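The values are calculated or read from the model by the stated rules, or taken from the named source; none is laboratory data. These numbers come from a predicted model, not from an experiment. Cβ atoms come from the backbone with ideal geometry, glycine included; neighbour counts cover every protein chain shown.
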Amino acid sequence: MHALHRDPSSYISAMFSYEFIDGGIDYDSIEQIHRGEFDEWVFALAGSGLFTNDEVLAMVTEWRLNPKVLLNTLLADADEVTAKRCEVTWAALDRVAPFAPSMPVAVFG
């Protein structure tokens, strides 16, 4: 029997998109993701019962390589303006990260 491979991004988006829908941007979450702090999401995914340990590990590995993958997943159901604001915030964090990698950055949008 062959196991079907599923894309977990739609499940992740459904679980967490409330943070990014209808302009309700959580800038602290964007900063956390940008810094590679995924514990909050990993804990929720692992405790949801929707994913195996291997699937959670694979997602975390992918996020560590490219944290923006998680942001894009969270923005899957967001409106265009919200998505653009988050992109601008991400770009601002990219610009400041080399100068202050461990300090939070206040971004206004």
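Annotations
- Filtered by the rule that a residue be buried (at least 16 other Cβ atoms within 10 Å of the Cβ), part of a helix (DSSP H, G or I) and modelled with pLDDT under 90, region 22-38 gives Tyr27, Ser29.
- Hey, Trp41 modelled with pLDDT of 80 or more, of a type in the set (Phe, Trp, Tyr) and either on the phi > 0 side of the Ramachandran plot or in contact with a His (Cβ under 7 Å, 6 or more places away or on another chain) (or both) or not: no
- Complete set of residues in region 39-85 that are within 18 Å of Ala14 (Cα to Cα) and not in a helix (DSSP H, G or I): Gly49, Leu50, Phe51, Thr52, Leu75, Ala76, Asp77, Ala78, Asp79
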